[in-house]
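Trainee: Pasting a structure here, questions to come.
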Amino acid sequence: MFTRDSIADAQRIVHSAFAPTPQQQWPLLNRRLGAEVWVKHENHTPVGAFKVRGGLTYFDSLHQREPNCRGVVSATRGNHGQSVGFAANRVGLSATIVVPRGNSVEKNASMRALGVELVEHGDDFQAAREHARLLARKHGLHMVPSYHADLVRGVATYWVEFFEAVQPDVVFVPIGQGSGVCACVAARAHTGVRTRIVGVVSAHATAYLDSFRAGHGIESPVTTQLADGMACRVPDDEALQVILREVDDVIAVTDEEVAQAMRALFADTHNVAEGAGAASLAGALQQKARWAGRVVGVALTGGNVDSDMFARVLAG
(Lines give C-alpha, C1' and ligand atoms only; values in the text may rest on other atoms or scores of the structure.)
Protein backbone atom coordinates (compact mmCIF):
# COMPACT_ATOMS: atom_id res chain seq x y z
CA MET A 1 0.00 0.00 0.00
CA PHE A 2 2.93 2.37 0.67
CA THR A 3 6.52 2.58 -0.52
CA ARG A 4 9.36 2.05 1.92
CA ASP A 5 10.25 5.73 1.53
CA SER A 6 6.73 6.87 2.41
CA ILE A 7 6.73 4.74 5.57
CA ALA A 8 10.17 6.05 6.49
CA ASP A 9 8.89 9.60 5.98
CA ALA A 10 5.93 8.88 8.27
CA GLN A 11 8.29 7.50 10.92
CA ARG A 12 10.40 10.66 10.69
CA ILE A 13 7.33 12.88 11.14
CA VAL A 14 5.85 10.89 14.02
CA HIS A 15 9.10 10.37 15.90
CA SER A 16 9.93 14.06 15.69
CA ALA A 17 6.91 14.54 17.99
CA PHE A 18 7.34 11.58 20.36
CA ALA A 19 9.32 8.37 20.84
CA PRO A 20 8.10 4.92 19.78
CA THR A 21 5.59 3.48 22.24
CA PRO A 22 6.47 0.27 24.12
CA GLN A 23 5.27 -3.25 23.41
CA GLN A 24 5.12 -5.10 26.68
CA GLN A 25 4.52 -8.67 27.80
CA TRP A 26 2.60 -9.01 31.10
CA PRO A 27 2.80 -12.31 33.04
CA LEU A 28 -0.77 -12.09 34.35
CA LEU A 29 -2.14 -11.55 30.83
CA ASN A 30 -0.11 -14.52 29.62
CA ARG A 31 -1.70 -16.62 32.34
CA ARG A 32 -5.18 -15.26 31.62
CA LEU A 33 -5.00 -16.17 27.92
CA GLY A 34 -2.73 -19.21 28.16
CA ALA A 35 -0.56 -17.65 25.48
CA GLU A 36 2.44 -15.35 24.97
CA VAL A 37 0.64 -12.00 24.85
CA TRP A 38 2.22 -8.75 23.68
CA VAL A 39 0.45 -5.44 24.28
CA LYS A 40 1.24 -2.44 22.09
CA HIS A 41 0.76 0.57 24.36
CA GLU A 42 -0.68 3.30 22.17
CA ASN A 43 -2.24 4.71 25.33
CA HIS A 44 1.26 6.15 25.93
CA THR A 45 1.21 8.73 23.10
CA PRO A 46 0.94 12.49 23.87
CA VAL A 47 -2.87 12.36 23.50
CA GLY A 48 -3.33 8.89 25.00
CA ALA A 49 -4.31 7.18 21.74
CA PHE A 50 -2.93 5.98 18.41
CA LYS A 51 -4.79 8.51 16.26
CA VAL A 52 -2.18 11.24 16.81
CA ARG A 53 0.20 9.45 14.47
CA GLY A 54 -2.18 9.86 11.54
CA GLY A 55 -2.87 13.47 12.43
CA LEU A 56 0.82 14.31 12.30
CA THR A 57 1.36 12.81 8.85
CA TYR A 58 -1.89 14.23 7.49
CA PHE A 59 -1.08 17.78 8.55
CA ASP A 60 2.50 17.53 7.31
CA SER A 61 1.14 16.67 3.85
CA LEU A 62 -1.65 19.26 4.10
CA HIS A 63 0.86 21.99 4.92
CA GLN A 64 2.74 21.12 1.73
CA ARG A 65 -0.36 20.72 -0.48
CA GLU A 66 -2.30 23.74 0.78
CA PRO A 67 0.15 26.29 2.23
CA ASN A 68 -2.64 28.92 2.25
CA CYS A 69 -5.10 26.78 4.20
CA ARG A 70 -7.08 29.03 6.59
CA GLY A 71 -8.15 26.37 9.05
CA VAL A 72 -9.62 22.90 9.37
CA VAL A 73 -12.77 21.22 10.59
CA SER A 74 -13.49 17.58 11.40
CA ALA A 75 -15.87 15.31 13.28
CA THR A 76 -15.01 12.85 16.02
CA ARG A 77 -16.04 10.94 19.12
CA GLY A 78 -12.75 12.08 20.69
CA ASN A 79 -9.38 10.61 19.75
CA HIS A 80 -9.41 11.74 16.11
CA GLY A 81 -10.30 15.24 17.35
CA GLN A 82 -7.40 15.26 19.78
CA SER A 83 -5.14 14.13 16.96
CA VAL A 84 -6.37 16.98 14.75
CA GLY A 85 -5.91 19.53 17.55
CA PHE A 86 -2.41 18.31 18.43
CA ALA A 87 -1.21 18.24 14.81
CA ALA A 88 -2.91 21.50 13.78
CA ASN A 89 -1.10 23.27 16.61
CA ARG A 90 2.26 22.09 15.27
CA VAL A 91 1.65 23.72 11.86
CA GLY A 92 -0.13 26.80 13.20
CA LEU A 93 -3.67 26.08 11.96
CA SER A 94 -6.94 26.67 13.79
CA ALA A 95 -9.20 23.64 14.19
CA THR A 96 -12.96 23.25 14.69
CA ILE A 97 -14.17 19.86 15.89
CA VAL A 98 -17.78 18.67 15.77
CA VAL A 99 -18.86 16.03 18.29
CA PRO A 100 -22.29 14.45 18.81
CA ARG A 101 -24.33 15.53 21.80
CA GLY A 102 -23.58 13.50 24.91
CA ASN A 103 -19.98 12.92 23.86
CA SER A 104 -17.30 12.03 26.43
CA VAL A 105 -16.93 14.95 28.84
CA GLU A 106 -13.24 14.36 29.40
CA LYS A 107 -12.42 13.87 25.72
CA ASN A 108 -14.21 17.15 25.02
CA ALA A 109 -12.12 18.83 27.72
CA SER A 110 -8.92 17.40 26.25
CA MET A 111 -9.79 18.73 22.80
CA ARG A 112 -10.52 22.20 24.18
CA ALA A 113 -7.20 22.11 26.04
CA LEU A 114 -5.49 21.54 22.67
CA GLY A 115 -7.03 24.79 21.44
CA VAL A 116 -9.81 23.48 19.21
CA GLU A 117 -13.21 25.13 18.88
CA LEU A 118 -15.68 22.44 19.92
CA VAL A 119 -19.16 22.24 18.37
CA GLU A 120 -21.81 19.79 19.59
CA HIS A 121 -24.27 18.63 16.94
CA GLY A 122 -26.42 15.56 16.27
CA ASP A 123 -27.00 12.32 18.08
CA ASP A 124 -24.23 10.20 16.55
CA PHE A 125 -20.92 10.44 14.69
CA GLN A 126 -22.54 10.39 11.25
CA ALA A 127 -24.67 13.44 12.06
CA ALA A 128 -21.62 15.24 13.48
CA ARG A 129 -19.65 14.47 10.32
CA GLU A 130 -22.39 15.81 8.05
CA HIS A 131 -22.47 19.05 10.09
CA ALA A 132 -18.68 19.34 9.87
CA ARG A 133 -18.93 19.13 6.07
CA LEU A 134 -21.52 21.91 6.14
CA LEU A 135 -19.21 24.11 8.24
CA ALA A 136 -16.34 23.41 5.83
CA ARG A 137 -18.38 24.65 2.87
CA LYS A 138 -19.82 27.62 4.75
CA HIS A 139 -16.55 28.94 6.17
CA GLY A 140 -14.04 27.79 3.57
CA LEU A 141 -12.33 25.35 5.91
CA HIS A 142 -10.44 22.20 5.00
CA MET A 143 -12.42 19.10 6.01
CA VAL A 144 -10.17 16.52 7.66
CA PRO A 145 -11.67 13.08 6.92
CA SER A 146 -11.82 10.16 9.32
CA TYR A 147 -10.17 7.91 6.77
CA HIS A 148 -7.41 8.97 4.36
CA ALA A 149 -4.19 7.45 3.03
CA ASP A 150 -2.10 9.99 4.96
CA LEU A 151 -3.87 9.05 8.20
CA VAL A 152 -3.30 5.36 7.52
CA ARG A 153 0.37 5.97 6.70
CA GLY A 154 0.93 7.64 10.07
CA VAL A 155 -0.94 5.01 12.04
CA ALA A 156 1.05 2.30 10.26
CA THR A 157 4.14 3.49 12.14
CA TYR A 158 2.92 1.90 15.36
CA TRP A 159 2.32 -1.42 13.68
CA VAL A 160 5.77 -1.25 12.07
CA GLU A 161 7.27 -0.67 15.53
CA PHE A 162 5.31 -3.66 16.81
CA PHE A 163 6.09 -6.06 13.95
CA GLU A 164 9.79 -5.18 13.97
CA ALA A 165 9.91 -6.08 17.67
CA VAL A 166 7.47 -9.03 17.77
CA GLN A 167 6.18 -11.37 15.08
CA PRO A 168 2.90 -12.65 16.58
CA ASP A 169 0.83 -15.46 15.11
CA VAL A 170 -2.24 -13.22 15.28
CA VAL A 171 -3.15 -9.63 16.13
CA PHE A 172 -6.57 -8.39 17.13
CA VAL A 173 -7.34 -4.89 15.81
CA PRO A 174 -10.34 -2.74 16.79
CA ILE A 175 -12.25 -1.24 13.86
CA GLY A 176 -13.80 2.23 14.09
CA GLN A 177 -13.66 4.02 10.74
CA GLY A 178 -10.92 1.68 9.50
CA SER A 179 -7.61 3.54 9.67
CA GLY A 180 -6.19 1.29 12.41
CA VAL A 181 -6.85 -2.03 10.73
CA CYS A 182 -5.79 -0.76 7.29
CA ALA A 183 -2.58 0.56 8.86
CA CYS A 184 -1.97 -2.90 10.31
CA VAL A 185 -2.37 -4.37 6.81
CA ALA A 186 0.13 -1.85 5.42
CA ALA A 187 2.67 -2.57 8.17
CA ARG A 188 2.32 -6.33 7.65
CA ALA A 189 3.17 -5.85 3.98
CA HIS A 190 6.01 -3.46 4.84
CA THR A 191 7.68 -5.78 7.36
CA GLY A 192 6.86 -9.10 5.67
CA VAL A 193 5.49 -10.79 8.80
CA ARG A 194 2.97 -13.60 8.31
CA THR A 195 0.71 -12.52 11.18
CA ARG A 196 -3.03 -13.12 10.83
CA ILE A 197 -5.14 -9.99 11.27
CA VAL A 198 -8.48 -10.28 13.06
CA GLY A 199 -10.60 -7.12 13.03
CA VAL A 200 -12.79 -6.48 16.08
CA VAL A 201 -16.02 -4.48 15.92
CA SER A 202 -18.57 -3.71 18.61
CA ALA A 203 -21.51 -6.11 18.63
CA HIS A 204 -23.59 -2.93 18.95
CA ALA A 205 -22.07 -1.28 15.85
CA THR A 206 -21.67 -4.02 13.26
CA ALA A 207 -21.38 -2.08 9.98
CA TYR A 208 -17.93 -3.43 9.11
CA LEU A 209 -18.75 -6.98 10.22
CA ASP A 210 -21.98 -7.00 8.20
CA SER A 211 -20.13 -5.51 5.22
CA PHE A 212 -17.28 -8.03 5.55
CA ARG A 213 -19.74 -10.91 5.45
CA ALA A 214 -21.77 -9.44 2.58
CA GLY A 215 -18.79 -8.33 0.51
CA HIS A 216 -20.13 -4.79 0.15
CA GLY A 217 -20.95 -1.78 2.31
CA ILE A 218 -23.91 -2.08 4.69
CA GLU A 219 -25.14 0.62 7.06
CA SER A 220 -25.92 -0.65 10.56
CA PRO A 221 -27.34 1.05 13.68
CA VAL A 222 -25.10 2.02 16.59
CA THR A 223 -26.15 1.28 20.17
CA THR A 224 -22.85 0.73 22.01
CA GLN A 225 -22.71 2.53 25.34
CA LEU A 226 -19.05 1.82 26.04
CA ALA A 227 -16.96 1.58 22.85
CA ASP A 228 -17.53 5.05 21.38
CA GLY A 229 -14.36 4.76 19.29
CA MET A 230 -16.03 1.90 17.39
CA ALA A 231 -19.41 3.58 16.92
CA CYS A 232 -19.44 3.39 13.12
CA ARG A 233 -22.82 3.47 11.34
CA VAL A 234 -21.59 3.75 7.73
CA PRO A 235 -18.36 2.00 6.63
CA ASP A 236 -15.80 3.86 4.56
CA ASP A 237 -15.71 2.23 1.13
CA GLU A 238 -11.95 2.60 0.64
CA ALA A 239 -11.23 1.06 4.03
CA LEU A 240 -13.74 -1.70 3.39
CA GLN A 241 -12.03 -2.72 0.15
CA VAL A 242 -8.72 -3.13 2.04
CA ILE A 243 -10.47 -5.13 4.77
CA LEU A 244 -12.20 -7.41 2.27
CA ARG A 245 -8.94 -8.04 0.42
CA GLU A 246 -6.45 -8.36 3.29
CA VAL A 247 -8.04 -8.97 6.71
CA ASP A 248 -8.28 -12.62 7.73
CA ASP A 249 -11.42 -12.38 9.86
CA VAL A 250 -13.74 -9.89 11.58
CA ILE A 251 -15.45 -10.66 14.90
CA ALA A 252 -17.77 -8.76 17.25
CA VAL A 253 -17.47 -8.19 21.00
CA THR A 254 -20.25 -7.02 23.30
CA ASP A 255 -20.05 -4.08 25.67
CA GLU A 256 -19.87 -6.57 28.54
CA GLU A 257 -16.90 -8.34 26.92
CA VAL A 258 -15.23 -4.96 26.45
CA ALA A 259 -15.88 -4.09 30.11
CA GLN A 260 -14.35 -7.40 31.18
CA ALA A 261 -11.27 -6.64 29.06
CA MET A 262 -10.98 -3.15 30.59
CA ARG A 263 -11.04 -4.73 34.05
CA ALA A 264 -8.49 -7.36 32.99
CA LEU A 265 -6.09 -4.74 31.62
CA PHE A 266 -6.29 -2.74 34.82
CA ALA A 267 -5.88 -5.80 37.06
CA ASP A 268 -3.08 -7.41 35.04
CA THR A 269 -1.15 -4.34 33.82
CA HIS A 270 -2.52 -1.37 35.80
CA ASN A 271 -3.15 0.43 32.51
CA VAL A 272 -6.41 2.28 31.90
CA ALA A 273 -8.15 1.45 28.63
CA GLU A 274 -11.15 3.12 27.05
CA GLY A 275 -13.78 0.86 25.49
CA ALA A 276 -12.31 0.74 21.99
CA GLY A 277 -8.85 0.51 23.54
CA ALA A 278 -9.79 -2.75 25.26
CA ALA A 279 -11.64 -4.28 22.30
CA SER A 280 -8.49 -5.95 20.99
CA LEU A 281 -8.05 -7.87 24.24
CA ALA A 282 -11.79 -8.61 24.33
CA GLY A 283 -11.42 -10.27 20.92
CA ALA A 284 -8.39 -12.25 22.07
CA LEU A 285 -10.26 -13.44 25.17
CA GLN A 286 -13.22 -14.47 23.01
CA GLN A 287 -10.88 -16.62 20.88
CA LYS A 288 -8.72 -17.75 23.80
CA ALA A 289 -9.05 -21.48 23.09
CA ARG A 290 -8.11 -21.07 19.43
CA TRP A 291 -4.81 -19.29 20.16
CA ALA A 292 -3.71 -21.08 23.34
CA GLY A 293 0.04 -21.55 23.46
CA ARG A 294 0.64 -19.17 20.52
CA VAL A 295 2.02 -15.62 20.27
CA VAL A 296 -0.85 -13.13 20.40
CA GLY A 297 -0.69 -9.38 19.75
CA VAL A 298 -3.20 -6.92 21.16
CA ALA A 299 -3.25 -3.14 20.79
CA LEU A 300 -4.25 -0.96 23.70
CA THR A 301 -5.26 1.76 21.26
CA GLY A 302 -6.36 4.38 23.78
CA GLY A 303 -6.86 5.14 27.45
CA ASN A 304 -9.21 8.12 27.23
CA VAL A 305 -12.21 7.00 29.26
CA ASP A 306 -14.27 9.28 31.48
CA SER A 307 -13.60 8.79 35.19
CA ASP A 308 -17.20 8.00 36.13
CA MET A 309 -17.52 5.49 33.28
CA PHE A 310 -14.32 3.74 34.31
CA ALA A 311 -15.43 3.63 37.93
CA ARG A 312 -18.66 1.93 36.86
CA VAL A 313 -16.72 -0.57 34.73
CA LEU A 314 -14.34 -1.44 37.56
CA ALA A 315 -17.29 -1.88 39.90
CA GLY A 316 -18.73 -4.43 37.51
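Trainee: Filter the stretch 194-216 down to the residues that are closer than 14 Å to Asp237 by Cβ and aliphatic (A, V, I, L, M), then identify the one that is least open to solvent (accessible area, probe 1.4 Å).
Mentor: Among residues in the stretch 194-216 that are closer than 14 Å to Asp237 by Cβ and aliphatic (A, V, I, L, M), the one least open to solvent (accessible area, probe 1.4 Å) is Ala207.
Trainee: Could you check how many residues of the stretch 248-271 are farther than 19 Å from Lys288 by Cα and touching a strand residue (DSSP E or B) at 6+ places or on another chain (Cβ under 9 Å)?
Mentor: Count: 1.
Trainee: Got a number for residues in the stretch 1-32 being open to solvent by less than 80 Å² (accessible area, probe 1.4 Å), within 16 Å of Trp159 (Cα to Cα) and hydrophobic (A, V, I, L, M, F, W, C)?
Mentor: The total comes to 8.
Trainee: OK, next. Is one or more of the residues making up the stretch 234-243 open to solvent by less than 10 Å² (accessible area, probe 1.4 Å), β-branched (Val, Ile, Thr), under 29 Å from Ala35 (Cα atoms) and touching a Leu at 6+ places or on another chain (Cβ under 8 Å)?
Mentor: Scanning the stretch 234-243, I find no residue that is open to solvent by less than 10 Å² (accessible area, probe 1.4 Å), β-branched (Val, Ile, Thr), under 29 Å from Ala35 (Cα atoms) and touching a Leu at 6+ places or on another chain (Cβ under 8 Å), so the answer is no.
Trainee: For the stretch 44-61, which residues satisfy the criterion of being crowded, with 23+ Cβ neighbours inside 10 Å and part of a helix (DSSP H, G or I)?
Mentor: Lys51, Val52, Arg53, Gly54, Gly55, Leu56, Thr57, Tyr58, Phe59
Trainee: Against the definition (open to solvent by 10 Å² or more (accessible area, probe 1.4 Å) and closer than 16 Å to Thr195 by Cα), how does Ala299 come out, yes or no? Break it down stepwise before answering.
Mentor: Working: open to solvent by 10 Å² or more (accessible area, probe 1.4 Å): no; closer than 16 Å to Thr195 by Cα: yes.
Taking the combined requirement at face value, the residue does not satisfy it.
Trainee: In addition: Select from the stretch 131-147 the residues that are modelled with pLDDT of 95 or more and within 21 Å of the chain's Cα centre (by Cα) and write down the one among them that is nearest to Phe50 (Cα to Cα).
Mentor: Among those residues, the one meeting the criterion is Val144.
Trainee: Report yes if Glu246 is open to solvent by 20 Å² or more (accessible area, probe 1.4 Å) and of a type outside the set (Phe, Trp, Tyr), otherwise no.
Mentor: yes
Trainee: Let me ask another. If I filter the stretch 67-79 down to residues being in a strand (DSSP E or B) and under 16 Å from the mean Cα position of the chain (by Cα), which single residue comes out as nearest to Arg12 (Cα to Cα)? Don't jump to the end; show me each part of the working.
Mentor: Just the residues of the stretch 67-79 that are in a strand (DSSP E or B), to begin with: 71-75.
Filter once more, so that each one left must be under 16 Å from the mean Cα position of the chain (by Cα): 74-75.
On the way: Ser74: 25, Ala75: 27 Å.
Applying the filter and picking the extreme gives Ser74.
Trainee: Given the criteria under 22 Å from Asp124 (Cβ atoms), open to solvent by 50 Å² or more (accessible area, probe 1.4 Å) and basic (Lys, Arg), does Arg294 qualify?
Mentor: Answer is no for this residue.
Trainee: While we're on this one: Looking only at the stretch 269-280, decide whether some residue is open to solvent by 40 Å² or more (accessible area, probe 1.4 Å), at pLDDT 95 or above and either of a type in the set (Ser, Thr, Tyr) or more than 25 Å from Arg188 (Cβ to Cβ) (or both).
Mentor: Looking through the stretch 269-280, at least one residue is open to solvent by 40 Å² or more (accessible area, probe 1.4 Å), at pLDDT 95 or above and either of a type in the set (Ser, Thr, Tyr) or more than 25 Å from Arg188 (Cβ to Cβ) (or both).
Trainee: Now a separate question. Which residues, counting only those in the stretch 1-37, are at pLDDT 95 or above and part of a loop (DSSP other than H, G, I, E, B)?
Mentor: Matches in the stretch 1-37: Thr3, Ser16, Ala17, Phe18, Ala19, Pro20, Thr21, Pro22, Trp26, Gly34, Ala35.
Trainee: Test of understanding: among Gln82, Gln64, which residue is open to solvent by less than 20 Å² (accessible area, probe 1.4 Å) and part of a helix (DSSP H, G or I)?
Mentor: The match here is Gln82.
Trainee: I would also like to ask the following. Using the structure shown, decide if Val170 is closer than 21 Å to Ala282 by Cα and either of a type in the set (Lys, Arg) or within 16 Å of the chain's Cα centre (by Cα) (or both).
Mentor: Here the answer is no, as Val170 does not meet what is asked.
Trainee: I'm told Lys40 meets every condition in (1) of a type in the set (Lys, Arg); (2) in a helix (DSSP H, G or I); (3) in contact (Cβ under 8 Å) with a residue 24 or more places away in the chain except one. Can you identify the failing condition by its number?
Mentor: So Lys40 meets the others, but not (2).
The values are calculated or read from the model by the stated rules, or taken from the named source; none is laboratory data. Worth saying up front: this structure is predicted, and the values here are computed from it rather than measured. Ideal geometry is used to build each Cβ from the backbone, glycine not excepted, and the neighbour counts take in all protein chains shown. Ligands, DNA and RNA are stripped out before the accessible areas are found, and what is left, the full protein with its side chains, is counted by its heavy atoms. Shrake-Rupley method; radii C 1.70, N 1.55, O 1.52, S 1.80 Å.
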